[in-house]
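J.: If you scroll down you'll find the structure; I have some questions about it.
The values are calculated or read from the model by the stated rules, or taken from the named source; none is laboratory data. Just so you know, these numbers come straight off a predicted model, no measurement behind them. Ideal geometry is used to build each Cβ from the backbone, glycine not excepted, and the neighbour counts take in all protein chains shown. Note: areas computed on protein heavy atoms with side chains; ligands, DNA, RNA excluded. Shrake-Rupley method; radii C 1.70, N 1.55, O 1.52, S 1.80 Å.
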Amino acid sequence: MSAFLEKANAHLMYTGVPYSPTLITRAAGTRLYTAEGHQILDFTSGQMSSLLGHSHPEIVSVVQTHIATLDHLLSNMLTAPVLALAERLAHHLPTPLSKSFFLNTGSETIEAAIKMAKCYTGRFEVVAFAASYHGLTQGAGSATYSAGRKNGSGPCMPGQLAFPAPYAFRSPFRRPADGEYDWETEFEYGWAMIDRQSVGSLAAFVVEPILSTGGVLDLPRGYLARLSEECRKRGMLLILDEAQTGVGRTGHMFAFQDPDHGGVVPDILALSKTLGCGLPLAAVCTTAEIERGCREAGFLWLSTHLNDPLTAAVGDKVLEIVERDGLCARAAERGLQLREGLLALQRKYWCIGDVRGKGLLQGIEILEDVKTKAPGVELGQAVSDMAMSKGLSCNVVNLPGMGGVFRLAPPVTVAPEEIDEGLRILDESFGEVLKGI
């Protein structure tokens, strides 16, 4: 392994994330296999993307077929896989969302969605949560507040405004009577600040239904409906970024379809990660009306891999499998099992301050001190490292102000016994790390 690390240090540019000390040689299902012959249970679905697990046989078959017959064309050429995916997405989405186009990454979808909102509204101000992560390209990075801003790369896009993230565990907004989280007051305060800062050119609000990188922050019941209403009052478009929550992971095909959100339908929906099951596929979905307005405004989006047939065929097969195999319900069931196990660990270990999330996107927040709620950044990293050494990959977010928050997002095909295995490794890891303190 040391030889590989030497090569990596010699030839791979450091991009801000340290290399894992393990060389992965193969991935299949929920398992990763190392050069030393060890198995690792993958509770992050790769980069939160391998929704059906690694090397799903039907996905492999689709890739093999299309790499040999229909892989990549001039972007304006029509192909059956692209049309099939667009039609299937329209089938699963609420009626107004009938138009789609296909890109590669989540950052691209946010760039495109922001540009669409600006073209359609004729305005330029974009609002995002203070714990948001929408990517690190220029427009997406400007709407990202959880990381990557203080890096010397110069000013962000003009018109970027931050809104307080609904962080129930740490918010200073509390009801005097019982000390519970008062999201309504915080919400009104946030809009008051936006209205004071705005120069009268509000175009869009970009939202993750669950703020994943920001600490697995779930929106309170009724929050998204209120947010949609306030956007409508101001003539703003609502852009939902479902890079990590889309295509069944939270127990619904799309997280905004959760009854807690009151039937809200976004103006623009951005999908990536889970749609391609680990391959570079992303989608921007919107209404015929917004498409009309963008067309009249001269909207242009052209990239090398726009509407590529190979990845579109993969996305179409992913949606087919999720619907056919009832994987939304399965994600809800396995997510409940995972959550109950995490709550049991919370009762056992003092350092677990909070458990939150939906379906198979769960988070646990680690504390250094229970009384002060000081974030357990080093403690969380130690537990993560210990878990990896025992055969469990689980990502811990250690962003400034976010605390040490584990993101647990196994593939939706995960088996009940694999959930139990992951919980057992976490239990052992917490026990051993805390014993050494």
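J.: Listed residues SER201, SER146; which is farther than 18 Å from ARG123 by Cα and small (Gly, Ala, Ser)?
T.: Answer to the check: SER146.
J.: Another question, if that's okay. In segment 27-47, what residues are surrounded by 21 or more Cβ atoms within 10 Å (Cβ to Cβ) and at positive phi?
T.: The one that is surrounded by 21 or more Cβ atoms within 10 Å (Cβ to Cβ) and at positive phi: SER45.
J.: Looking only at segment 213-234, count how many residues are crowded, with 16+ Cβ neighbours inside 10 Å and small (Gly, Ala, Ser).
T.: 3
J.: Another question about this same structure. Sort through LEU279, LEU275, LEU306, LEU302 and tell me the only one that's among the aliphatic types (A, V, I, L, M) and either part of a helix (DSSP H, G or I) or open to solvent by less than 10 Å² (accessible area, probe 1.4 Å) (or both).
T.: When all the criteria are applied, what remains is LEU275.
J.: Right, ILE210: touching a Leu at 6+ places or on another chain (Cβ under 7 Å), open to solvent by less than 10 Å² (accessible area, probe 1.4 Å), outside the structural domain of SER50 (by the TED database) and of a type in the set (A, V, I, L, M) or not?
T.: Taking the combined requirement at face value, the residue satisfies it.
J.: Among the candidates ALA80, ALA3, ALA10, ALA35, single out the residue that is at pLDDT 95 or above and of a type in the set (Gly, Ala, Ser).
T.: Only one candidate qualifies: ALA80.
J.: Also, quick follow-up: Which of the strands (runs of 3 or more DSSP E) contained wholly in segment 30-112 include at least 2 residues that are in contact (Cβ under 8 Å) with a residue 12 or more places away in the chain, under 18 Å from HIS305 (Cβ atoms) and touching a Leu at 6+ places or on another chain (Cβ under 8 Å)?
T.: Hits in segment 30-112: 97-103.
J.: Another question, if that's okay. Within the set of pairs 6+ apart or on separate chains, which have a first residue in segment 310-331 that is without any contact (Cβ under 8 Å) to a residue 60 or more places away in the chain and over 21 Å from PRO81 (Cα atoms), a second that is open to solvent by less than 20 Å² (accessible area, probe 1.4 Å) and assigned to a helix (DSSP H, G or I), and C-beta atoms under 6 Å apart?
T.: Note: no pairs meet the criteria.
J.: For segment 226-241, what are the residues that are farther than 22 Å from VAL284 by Cα and part of a loop (DSSP other than H, G, I, E, B)?
T.: ARG234
J.: A further question follows. Would you please name the residue that is surrounded by the fewest Cβ atoms within 10 Å (Cβ to Cβ), looking only at residues in segment 108-133 that are more than 27 Å from GLU296 (Cα to Cα) and of a type outside the set (S, T, N, Q)?
T.: ALA130
J.: Consider GLU186 carefully, then state whether it is of a type in the set (Asp, Glu) and open to solvent by less than 20 Å² (accessible area, probe 1.4 Å).
T.: yes
J.: Across segment 8-19, what is the number of residues that are in a loop (DSSP other than H, G, I, E, B) and surrounded by 12 or more Cβ atoms within 10 Å (Cβ to Cβ)?
T.: The number of residues fulfilling the criteria is 1.
J.: Only one of GLU418, GLU333, GLU378 is under 20 Å from HIS252 (Cα atoms) and of a type outside the set (Phe, Trp, Tyr). Can you tell me which?
T.: GLU333
J.: Let me ask something additional. Mind counting the residues in segment 135-183 that are loosely packed, with under 14 Cβ neighbours inside 10 Å and at positive phi?
T.: Summing the residues that are loosely packed, with under 14 Cβ neighbours inside 10 Å and at positive phi in segment 135-183 gives 3.
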